[in-house]
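See structure below.
Only the coordinates and a few stated rules stand behind these numbers; no lab work does. The structure presented is a predicted model; accordingly, all values stated were derived computationally and were not measured. FYI the Cβ positions are ideal-geometry reconstructions off the backbone, even for glycines, and counts take in every protein chain you see.
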Amino acid sequence: MSEWPLVTVYHSTEAGSVGSFVNISWPGFIGTITGYNSDKVGVGERLRGDAQSNMTRFGTPWTYVLRDMLQFSKT
């Protein structure tokens with residue numbers, strides 16, 4: 001994965017979106033690990049927790065949540 005990084009610029013026309021955002025990841029990766037949008041909001045992945053944490057694998061994948069934060073954030 002480190003040999004094929006990809007910077008993708010999205011120009012969203014979806015209702016409620018901020019317009020443009022940048023996703024930094026790899027080819028074929030749907031979610032976001034790191035990115036920035038036109039509202040000057042940046043996100044980055046940082047996984048916290050251990051075996052005793054309350055995290056679960058059920059729900060929306062966090063990489064999709066980060067992507068939605070870039071696309072629909074309002075400052």
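Descriptive notes on the structure:
- Residues whose amide H comes within less than 5 Å of that of Ser38, counting only those at least five positions distant or on another chain, are Ser20 (H built at 1.01 Å from N in the peptide plane).
- Computed from phi, the 3J(HN,Hα) profile of region 30-46 under the Karplus parametrisation 6.51, -1.76, 1.60 (θ = phi - 60°) reads 7, x, 10, 9, 9, x, 9, 10, 6, 8, 6, 9, x, 10, x, 6, 8 Hz, with x in place of Gly and Pro.
- Projecting label points 7 angstrom from Cα along Cα→Cβ for Asp68 and Ile30 puts them 1.3 nm apart.
- Gain in span if fully extended, Glu3 to Thr60, counting 0.36 nm per residue against the direct Cα distance: 17.7 nm
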